[in-house]
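Written out below as structure tokens is the structure these notes cover.
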Amino acid sequence: MADYAHQCRSPTLRTVTPDAVAREYNHPAVGLNSPDLSDQMDDQYTDSSVSDCESSVSSDQSGAATSPFVGSGLMELQEGDRVHRLIKERFVSRLGALGGQVTVAGIHQNSYTGEAARARAQAFQIYSEAVQKKGGGDTPNVRYAWYATSKEGVLKILSYGFGYSGKPENNGLYGCGVYFAPDNHPLESVKSAPIDEDGLRHLLLCRIIMGKPELVSPGSEQSHPSSEQYDSGIDDLLSPRRYIVWSTHMNTHVLPVYVVSFRAPRCLRGPLRTPEESRKPTSPWMPFPILISELSKILRPSDLSLISKYYKDHKGGKISRHMLVQKVRQIAGDGLLTRVIKSFRTK
């Protein structure tokens, strides 16, 4: 629901040049050392190559004549523009088999016209700094992410920011917040993007402040971080498909930067997994008995006994799975759990 900030006139947000964006799309992600927009593209879970998709995807040559955002304050990037090419290639190449059926009709850049838009951009930078300081100087962990919305939704978000209707997104699967798809997994957003009267779908490419994310289990009723140490949510520790920005943070931790408009088959059904998705399990956890067995080789007996107690409480219906997960994370730590789960998945 948000869009990328490319040419903000704010004195504290620097303009992003095509060369800076090129670096973002062609190198692995690194943390932001300063809260500006010249950091590098989030590519933590994929290789850094970008496929040449020009042969399989044609662009809408009518571009300027059919732009759905004329007079909206968005600046259309031209077909020959380097940033246009990089965003288009990365977007299509991450769609797997669906990429050959997608036509990118236009890419627009948020120009941050108006006092309210500039103020939201400044707020994003201020919160980036705050999250970095709260983390003891660590990176604020700013990521690129996709958000699906309608043409009208794009315009409302750019004008007023995100709105909260009281209804959690995605049927509240992971709590009350705004759900984004990581940059390298746009398929989830593509499938949920509505079609407008011109046959176009629209995705907002945003910067979001992740800070320290926490694992959120299906069925969660969260609407804010579970404690002060966390800032956002993810659905999987190793290979997330959803970033969750809580409803309390949606207009401070999200910065709209670009709008990608495209055409895709009306019926997006069947096996639309990317090659990476078809190879990887989607469950964020290994079976608890196996996890406990592996942790028994590492943790102190007292810690293992406590985890076993919580697991028995869960099996007996005394605590929820979400509570069990939180307790195990507090005792074992995310770093250790990630290593154990990764080791289990590679076997």
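The values are calculated or read from the model by the stated rules, or taken from the named source; none is laboratory data. From a predicted model like this one, the values you see are computed outputs, not experimental measurements. Because the Cβ atoms are built from the backbone with ideal geometry, glycine has one as well, and the counts that use them run over all protein chains shown. Side chains are part of the model used for accessible areas, which takes the heavy atoms of the whole protein and leaves out ligands, DNA and RNA. Shrake-Rupley method; radii C 1.70, N 1.55, O 1.52, S 1.80 Å.
With a 1.4 Å probe and all protein chains left in place, how much accessible area per residue does the stretch 84-179 have, in Å²? Mind showing how you got there, number by number?
Numbers: 3890 Å² over 96 residues.
Here the per-residue accessible area is 41 Å².
Accessible surface of residue 113, taken over heavy atoms with a 1.4 Å probe and every protein chain present, rounds to 90 Å². For the cross-link pairs 151/191; 212/318; 134/212; 318/342, the ones whose C-alpha atoms lie over 18 Å apart are 212/318; 318/342. The packing ranking of peptides 99-105, 185-191, highest mean first, is 185-191, 99-105, where packing means the average number of other beta carbon atoms within 10 angstrom of each residue.
Remark on residue 232: its backbone amide H falls under 5 Å from those of 212, 214, a criterion applied only to residues 5 or more positions apart or on other chains, H modelled at 1.01 Å from N.
The packing ranking of peptides 89-96, 201-208, highest mean first, is 201-208, 89-96, where packing means the average number of other beta carbon atoms within 10 angstrom of each residue.
What is the Rg over Rh value, at two decimals, for the stretch 304-347, using alpha-carbon atoms and the Kirkwood definition of Rh? Walk me through the numbers before you get to the answer.
On the way: Rg = 11.4 Å, Rh = 11.1 Å.
Ratio of gyration radius to Kirkwood radius: 1.03.
Just to confirm my numbers, what's the Cα centroid distance between the stretch 235-259 and the stretch 184-227 in Å? If we compute the Cα centre of each part, the gap is 6 Å. Over the stretch 68-165, the reciprocal of the mean inverse Cα-Cα separation, the Kirkwood hydrodynamic radius, stands at 16.1 Å. Each pair of Cα atoms in the stretch 99-149 enters the Kirkwood radius, and Stokes-Einstein at 10 °C and 1.306 mPa s then converts it into a translational diffusion coefficient of 113 µm²/s.
Take 243, 310, 160 and sort them by solvent-accessible surface of the protein heavy atoms, 1.4 Å probe, largest at the top.
Details: 243 5, 310 45, 160 175 Å².
Accessible-area ranking of 243, 310, 160, largest first: 160, 310, 243.
Couplings for the stretch 97-103, taken from phi via the Karplus curve 6.51 cos²θ - 1.76 cosθ + 1.60 with θ = phi - 60°, read 4, 6, x, x, 9, 9, 10 Hz in order; Gly and Pro are left as x. In this view, the solvent-accessible surface of residue 139, computed with a 1.4 Å probe and all protein chains in place, comes to about 60 Å². Remark on the stretch 150-258: ratio of C-alpha radius of gyration to 2.2 N^0.38 Å is 1.05.
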